[in-house]
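The values are calculated or read from the model by the stated rules, or taken from the named source; none is laboratory data. Since this is a predicted model, take the numbers as computed values, not measurements. Methodologically, a virtual Cβ is constructed for each residue, glycine included, from the backbone with ideal geometry; neighbour enumeration extends over all protein chains shown. Please note that ligands, DNA and RNA were not included when accessible areas were found on the heavy atoms of the full protein model with its side chains. Shrake-Rupley method; radii C 1.70, N 1.55, O 1.52, S 1.80 Å.
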Amino acid sequence: MSTVYDGESGEFVPPQEIAAAQDESLLQVLGLQVEFRTRDGVAKVLNGVSYHVNAGETLAVLGESGSGKSVTAQAIMGILDTPPAFVTGGSVTFKGEELLTASAERRRMVRGEGIAMIFQDALSALNPVFTVGFQIAEQLRLRRGMGKAQARAAAIELLEQVRIPHAAGRFGDYPHQFSGGMRQRVMIAMALALDPEVLIADEPTTALDVTVQAQIMDLLAEIQRERAMGLVLITHDLGVVAEVADRIAVMYAGRIVESGGAREIYRRPGHPYTVALLESLPRLDLKGQQLNTIKGLPPSLTDIPPGCPFHPRCRLAQDICRRQVPEPVPLDAARSSACHFTGELMDRV
Amino acid sequence: MGRYVLRRLLQLIPVFLGTTFIIYTLVWAIPVDPFAGKCGQRPCPPAYVAAMRAKFNLDDNLFVQYVKYLGRLFTGDFGQTFSGTDVSTLIANAYPITVRLAVVALVIEALVGMTAGVLTGLRKNGFADNLVLVATLMLISLPVFVTGYILRGLFGTPRGTSFVDLIVPGIVLGSLSMAYVSRLTRTSIAENRRADFVRTAIAKGLPTSRVVGVHLLRNSVIPVITFLGTDLGALMGGAIVTEGVFNIRGIGGLVFTNIQQQQGVVVTGVVTLLVLVYLVMSLVVDLLYAVLDPRIRYE
Ligand SMILES: Nc1ncnc2c1ncn2[C@@H]1O[C@H](COP(=O)(O)OP(=O)(O)O)[C@@H](O)[C@H]1O
Ligand code: SF4
Ligand SMILES: [Mg+2]
């Protein structure tokens, strides 16, 4: 078991309740810290992110744009651009194995086969000058040692699994010849090629038409169920979250401010930021009325306010919020929230 | 695609006519007596001059001259020099040598330039990057005849005109483009290095050699290859200085001596061929572009 460097207190602490969860967790992120060192200064983008996902489970990661959802995913995959990004603390374990200190070669072997990832914009994420068939088959040839014909057959089968019509005929097509939805299906087929145990989907439907979004989400949910994968679904579509997520992790300014079971959090959010997020959800019964957006802007990551990073925008903020960073406090075995006034908030609702 | 090629070929016609007419005018309209010094110390006998003026249509106006010249050109007749040698023979002897020299230069600039470009593009501001930056700056600022004389001093003039013999002159001829290719590759690699599709390739668990050698390189060479395509024509035209320095009997030497001797037919013939090569290469490059980047479709 790895020790964890806690950037806040400056001590090595293995949090007990999370350590217990670690045994069963497929993928476990603990106190992850990442900073971007640029000419304009150091941006502390992740300030101790912890979440985990189990086999057969869907974890939704929520949060405004810029809160660090993608950076966390990239740090897990080991595909951060270094420089400027540096992992400065924390731990990422996959099936109990520490990845952050693993060799480059070992990390490469985990990619695709252990943990795979799909990206928001399939058009730019696929290589424009190679056919989709080539891009799927190359993994099978390089990582599975398949021959050309065998890899082709397997790739076509994958394209069929993500329900691309006339899969065999489309093997030789280029990414730009597909519609947005079909392209994202190609991306999913590619991610499934090495039969990963965890799939990280970074806003897989954001770039798509509304009508197509639901189809892609259904496909992802179905595949997750069939393969009993752990799915980390990064999204800001709260409607989707309510439908497919088992658990939720809410991110703000590079921290997880609340995490727990999806249904529990929806019913009784334990953090003012989660409350604000849920209030910003467009509701059918309020159709035509102005959308509630969260007032103010997320903090600049080169200049995170002292105390609770949410305090400038928080309706419940008190003096202590400006002075002291709220630590994540377990509410029960599966839930935690990082707010000085979680108790009051939950009693009120 | 076929229609596109046809349209492009049709577009070449006015360009070809325009450039060749300009060349013809420049060569034949110079107010110098083409027969000065052609007959030793004495002025040429009037009968000879009259015969020559008739043979080269010098009494027609320039435009008629040009049309007549062009008409013969299309039947494959490049004409004769004042002394009666077939220009086509002269060109047939000189052209292959220059083509070989240009190809050697092209291969060298592609290999060296692209290698340097990839290495520096991957590690911007590293040691290799600065080294290449200084080296290319030197190559760019040194005139070709300076690099030419330096290398000739070190290695001498080539013994023959085989590919191996032409390596040193090829380096000189290709040095400027080599610097350009390395910078073009560097920029292209550095730009694509952070592209999403490169990140995807890494996320797929591919080895670094494959991520760089296949996914990154294949996208980054598109502008480089198209540059190399147009450069072949430019290299052949630019071979004049290099051929002069290394005493190579290619078309450079041919043009050079015939400009001095005012042999207009030879000059127009050679330059017309160069223009043709240039135009055809630019068409080839356009088509190559569509092959290299499947997103581009011509119709
Ligand atoms: N290449 C980069 N250079 C500097 N800062 C970056 C870079 N990429 C991301 N960041 C910073 O990291 C923060 C988190 O980004 P990201 O994880 O993409 O947010 P999101 O939650 O929207 O996915 C952003 O606010 C941004 O300022
Ligand atoms: S700690 Fe204070 S400022 Fe932060 S969310 Fe809780 S109440 Fe709001
Ligand atoms: Mg993102």
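State whether one or more residues within segment A:214-234 are within 16 Å of ligand 2 (Cβ to nearest atom) and not aliphatic (A, V, I, L, M).
Within segment A:214-234, the subset within 16 Å of ligand 2 (Cβ to nearest atom) is none.
The answer is no; no qualifying residue exists.
Identify, from the list B:90, B:133, B:122, the residue that is open to solvent by 70 Å² or more (accessible area, probe 1.4 Å), modelled with pLDDT of 85 or more and more than 17 Å from the chain's Cα centre (by Cα). Before you say what the answer is, go through the steps one by one.
On the way: B:90 fails: open to solvent by 70 Å² or more (accessible area, probe 1.4 Å); B:122 fails: open to solvent by 70 Å² or more (accessible area, probe 1.4 Å).
Answer to the selection: B:133.
Do you know which residues across segment A:239-264 are farther than 14 Å from residue A:58 by Cβ and part of a helix (DSSP H, G or I)?
Answer for segment A:239-264, where residues must be farther than 14 Å from residue A:58 by Cβ and part of a helix (DSSP H, G or I): A:239, A:264.
Run down B:296, B:248 and say which single residue is among the β-branched types (Val, Ile, Thr) and within 14 Å of chain A (Cβ to nearest Cβ).
Values: B:248 fails: within 14 Å of chain A (Cβ to nearest Cβ).
Answer to the check: B:296.
Can you name the number of the only condition in (1) touching a residue at least 12 places away in the same chain (Cβ under 8 Å); (2) within 19 Å of residue B:278 (Cβ to Cβ); (3) more than 22 Å from the chain's Cα centre (by Cα) that residue B:10 fails?
So residue B:10 meets the others, but not (1).
If you check residue A:309 against the conditions, is it in a loop (DSSP other than H, G, I, E, B), away from chain B (no Cβ under 14 Å) and within 15 Å of ligand 1 (Cβ to nearest atom)?
Values: in a loop (DSSP other than H, G, I, E, B): yes; away from chain B (no Cβ under 14 Å): yes; within 15 Å of ligand 1 (Cβ to nearest atom): yes.
Yes: the conditions hold for residue A:309.
When segment A:37-67 is examined, which residues are found to be without any contact (Cβ under 8 Å) to a residue 60 or more places away in the chain and surrounded by fewer than 21 Cβ atoms within 10 Å (Cβ to Cβ)? Please lay out each step first, then the result.
In the first step, residues of segment A:37-67 are kept if they are without any contact (Cβ under 8 Å) to a residue 60 or more places away in the chain; the result is A:37-39, A:52.
A:37, A:38, A:39 - these are the residues of segment A:37-67 that are without any contact (Cβ under 8 Å) to a residue 60 or more places away in the chain and surrounded by fewer than 21 Cβ atoms within 10 Å (Cβ to Cβ).
Residue by residue through segment A:217-254, note down the ones that are in contact with a Pro (Cβ under 7 Å, 6 or more places away or on another chain) and within 15 Å of ligand 1 (Cβ to nearest atom).
Across segment A:217-254, the qualifying residues are A:252, A:253.
Among all residue pairs at least 6 apart or on different chains, which show Cβ distances below 6 Å where the first residue, located in segment A:194-205, is within 11 Å of chain B (Cβ to nearest Cβ) and the second is part of a loop (DSSP other than H, G, I, E, B) and away from ligand 2 (no atom under 16 Å from the Cβ)?
Filtered contacts from segment A:194-205: A:194/A:112; A:194/A:113; A:202/A:119; A:202/A:120.
Among the numbered criteria (1) of a type in the set (Val, Ile, Thr); (2) open to solvent by 40 Å² or more (accessible area, probe 1.4 Å); (3) more than 14 Å from every other protein chain (Cβ to nearest Cβ), which single criterion is violated by residue B:285?
All conditions pass for residue B:285, except number (2).
For segment B:217-238, does any single residue satisfy the condition of being part of a helix (DSSP H, G or I), surrounded by fewer than 17 Cβ atoms within 10 Å (Cβ to Cβ), among the small types (Gly, Ala, Ser) and within 14 Å of chain A (Cβ to nearest Cβ)?
No: segment B:217-238 contains no residue that is part of a helix (DSSP H, G or I), surrounded by fewer than 17 Cβ atoms within 10 Å (Cβ to Cβ), among the small types (Gly, Ala, Ser) and within 14 Å of chain A (Cβ to nearest Cβ).
I want to confirm something. Restricting to segment A:59-71 and keeping residues that are of a type in the set (Ser, Thr, Tyr) and assigned to a loop (DSSP other than H, G, I, E, B), which single residue is farthest from ligand 3 (Cβ to nearest atom)?
Step one: filter segment A:59-71 for residues of a type in the set (Ser, Thr, Tyr), giving A:65, A:67, A:70.
Still in the list and also assigned to a loop (DSSP other than H, G, I, E, B): A:65, A:67.
On the way: A:65: 7, A:67: 9 Å.
My answer is A:67.
Scanning for something crowded, with 19+ Cβ neighbours inside 10 Å, touching a residue at least 60 places away in the same chain (Cβ under 8 Å) and under 23 Å from residue A:72 (Cβ atoms), does segment A:213-226 turn up at least one residue?
First, pick out the residues of segment A:213-226 that are crowded, with 19+ Cβ neighbours inside 10 Å: A:213, A:216-217, A:220, A:224.
Narrowing the set further to residues that are touching a residue at least 60 places away in the same chain (Cβ under 8 Å) leaves A:224.
Applying the additional criterion that residues be under 23 Å from residue A:72 (Cβ atoms) yields A:224.
Yes.
Examine segment B:102-110 for a residue that is under 30 Å from residue B:267 (Cα atoms) and open to solvent by 70 Å² or more (accessible area, probe 1.4 Å), and state whether such a residue exists.
yes
Out of the residues in segment A:72-109 that are of a type in the set (Gly, Ala, Ser) and within 14 Å of ligand 3 (Cβ to nearest atom), state the one that is farthest from the chain's Cα centre (by Cα).
Filtering first and then ranking leaves A:85.
Can you tell me which condition residue A:25 does not meet? The list is (1) of a type outside the set (Val, Ile, Thr); (2) part of a helix (DSSP H, G or I); (3) more than 13 Å from ligand 1 (Cβ to nearest atom), and all the others hold.
Result: residue A:25 passes all but (2).
Conditions: (1) open to solvent by less than 30 Å² (accessible area, probe 1.4 Å); (2) within 16 Å of ligand 2 (Cβ to nearest atom). Residue A:200 meets all but one. Number of the miss?
Of everything listed in (1) open to solvent by less than 30 Å² (accessible area, probe 1.4 Å); (2) within 16 Å of ligand 2 (Cβ to nearest atom), residue A:200 misses just condition (2).
Here are some conditions: (1) closer than 28 Å to residue B:174 by Cβ; (2) touching a Lys or Arg at 6+ places or on another chain (Cβ under 7 Å). Residue B:79 meets all but one. Which one does it not meet?
(1)
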